[in-house]
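Structure, as structure tokens:
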Amino acid sequence: LKGEAIPPEHHLALHCQPAHLLERDENGQPSGVSWEVFRVDEDGISTNWIEFQGQKFDTGFAEACLLLTSTRTVRRSHMVGVLRVVDVLAAGKVGGKTANAIHDPREIPFNPGHALITGIAADDRAVLDGLSAVTVLHPFTPAAIQRSATAESARRART
Amino acid sequence: MAGRAILGAIGPKPAGIHFLEPHELVDLHTFGEAQEVRVFQIKQGASVQDTELPIGSGAGKQVVSRASLEVISAWGRWEALVAAVIPTIWTSQGSWDGTADDILLRDKSTLEMCRELLHARRGLLRAHEVLALERQLSALLSDEDEIVANGLKVSSASLDGLIAFLAAHRPHTHPRLSLTRGGLFAASWAPRDRVKLTLTFNREAADWVGVDLGAAPPVRDSGAVVIGSLDGMRQSFRDWIVG
């Protein structure tokens with residue numbers, strides 16, 4: 001339901017890219033995100049609600065990965081940042097803001113799980129730092145990478 | 001700040017290099033916060049373009065490219081070459097002490113440039129730090145296409161600052177590493193869930209931001225430190241680096 005508050009125990013998926021905004025551990029593996037990975041648009045930070053159809057996390061995550069390919073090209077070097085909604089709210093508070101996570105299904109491009117983090121401005125560094133501290137990285141599913149690659153090939157063929 | 005370059009006619013010019021005339025070299029550079037020459041290593045190659053001539057330092061042994069203006073190395077065997085950099089003016093002096101083959105500019109990737117700086121500074125670091133930085137740089141900078149597409153200009157002055165910081169403080173755990181959109185290196189420590197301390201480096205200083213969402217009440221603080229000191233940083237955050 002558009003505008004519905006997402007339960008605090010649920011999760012949001014964020015397309016994390018480009019590669020240089022992904023923090024690397026001492027082995028070079030992605031281990032966190034820069035605060036700059038959160039792109040704050042006029043309506044908020046664009047994410048996907050993982051459990052939006054009542055799925056378990058794993059099933060919902062795989063679905064979210066596929067849906068994220070509808071808006072941006074997914075590359076192997078990109079990652080999915082997962083945030084618990086309760087942590088999003090806490091990050092808002094530490095920055096003196098009231099952050100919210102709301103359902104924002106989209107028709108074009110079709111993304112019924114689209115969600116927004118609202119109440120944050122692009123210069124709310126304190127909140128964005130908080131969000132970066134609670135973001136846990138996961139790789140995109142192979143199916144999502146494949147779908148994105150196929151779509152990219154088709155685009156190139158057309159041009 | 002913008003600088004003006006004057007490329008002097010300096011002794012016998014190497015064959016095969018086209019020098020721009022002084023009037024062609026205007027407002028070429030934007031230098032960072034440090035008013036200093038930025039240094040490139042030179043290699044043999046065939047990638048010289050008229051717009052990418054080496055410009056050197058009056059101090060000698062330094063060569064600057066207008067292509068990316070980043071500190072790479074203070075190596076070189078030039079007695080003296082071309083220009084000293086002052087914020088708004090360059091002066092030129094010196095003479096060539098190399099052959100034409102020595103001064104062709106190299107098409108270096110961002111990763112190569114950073115690796116060379118790390119190599120030049122490796123004596124300051126512990127072995128595991130050098131290895132970790134190698135891996136981190138490779139992971140962050142291996143996709144040159146993406147770097148170009150995002151217009152990322154990586155600051156080697158920032159990498160220099162990071163290396164100096166690690167050498168000065170000997171952190172008990174090696175930090176995570178990322179880059180800002182402005183090309184600065186950012187190191188972070190997260191000793192447990194929902195906490196994070198991030199330092200973003202310039203050559204001489206770093207901005208720090210600490211967040212602890214697990215504390216009651218949650219804590220967020222920020223400030224700046226000079227590279228050689230953690231004075232001014234909240235003790236609880238400082239402990240995550242050197243405690």
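The values are calculated or read from the model by the stated rules, or taken from the named source; none is laboratory data. Note that the coordinates shown come from a computational prediction; the quantities given were computed from them, not determined experimentally. Cβ placement follows ideal geometry from the backbone for every residue including glycine, while neighbour counts extend to all protein chains displayed.
See the values below:
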quantity: Residue check for residue B:147: at the interface with another protein chain (Cβ under 10 Å from one of its Cβ atoms), buried (at least 22 other Cβ atoms within 10 Å of the Cβ) and part of a helix (DSSP H, G or I); calculated: yes
quantity: Lone unmet requirement of (1) within 27 Å of residue A:39 (Cα to Cα); (2) modelled with pLDDT under 95 for residue B:232; calculated: (1)
quantity: Residue among B:167, B:120 that alone is at pLDDT below 95 and either out of contact with any strand residue (DSSP E or B) (no Cβ under 8 Å at 6 or more places or on another chain) or charged (D, E, K, R) (or both); calculated: B:120
quantity: Matching residues, segment A:1-50, being among the polar types (S, T, N, Q), within 14 Å of chain B (Cβ to nearest Cβ) and either under 18 Å from residue A:134 (Cβ atoms) or within 16 Å of the chain's Cα centre (by Cα) (or both); calculated: A:17, A:31, A:34
quantity: Restricting segment A:126-146 to residues that are part of a loop (DSSP other than H, G, I, E, B) and within 13 Å of the chain's Cα centre (by Cα), the residue that is farthest from the other protein chains (Cβ to nearest Cβ); calculated: A:140
quantity: Within segment A:87-102, tally of residues that are facing chain B (nearest Cβ under 10 Å), at negative phi and more than 15 Å from the chain's Cα centre (by Cα); calculated: 5
quantity: Matching residues in segment A:72-84 - criterion: being at pLDDT below 95 and more than 10 Å from chain B (Cβ to nearest Cβ); calculated: A:72, A:73, A:74
quantity: Residue A:149, sole failed condition from (1) surrounded by 15 or more Cβ atoms within 10 Å (Cβ to Cβ); (2) under 16 Å from the mean Cα position of the chain (by Cα); (3) of a type outside the set (S, T, N, Q); calculated: (2)
quantity: Residue match in segment B:127-140 (condition: part of a helix (DSSP H, G or I), in contact (Cβ under 8 Å) with a residue 40 or more places away in the chain and of a type in the set (Val, Ile, Thr)); calculated: no
quantity: Filter result (outside any loop (DSSP other than H, G, I, E, B) and surrounded by 24 or more Cβ atoms within 10 Å (Cβ to Cβ)) within segment B:166-176; calculated: B:176
quantity: Where a residue in segment A:140-157 is within 17 Å of residue A:60 (Cα to Cα) and its partner, wherever it lies, is modelled with pLDDT of 90 or more and of a type in the set (Phe, Trp, Tyr), with Cβ under 9 Å and at least six apart; calculated: A:141/A:61
quantity: Qualifying residue in segment B:206-222 (condition: under 26 Å from residue B:111 (Cα atoms) and not acidic (Asp, Glu)); calculated: yes
quantity: Residue B:160 being among the acidic types (Asp, Glu), within 22 Å of residue B:208 (Cα to Cα) and assigned to a helix (DSSP H, G or I); calculated: yes
quantity: From the options B:178, B:236, B:156, B:188, residue that is away from chain A (no Cβ under 13 Å) and closer than 23 Å to residue A:18 by Cα; calculated: B:156
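One line per residue, one yes/no per condition, for (1) out of contact with any strand residue (DSSP E or B) (no Cβ under 6 Å at 6 or more places or on another chain); (2) at pLDDT below 95:
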site: A:69; (1), (2): yes, yes
site: A:86; (1), (2): yes, no
site: A:100; (1), (2): no, no
site: A:115; (1), (2): no, no
site: A:147; (1), (2): yes, yes
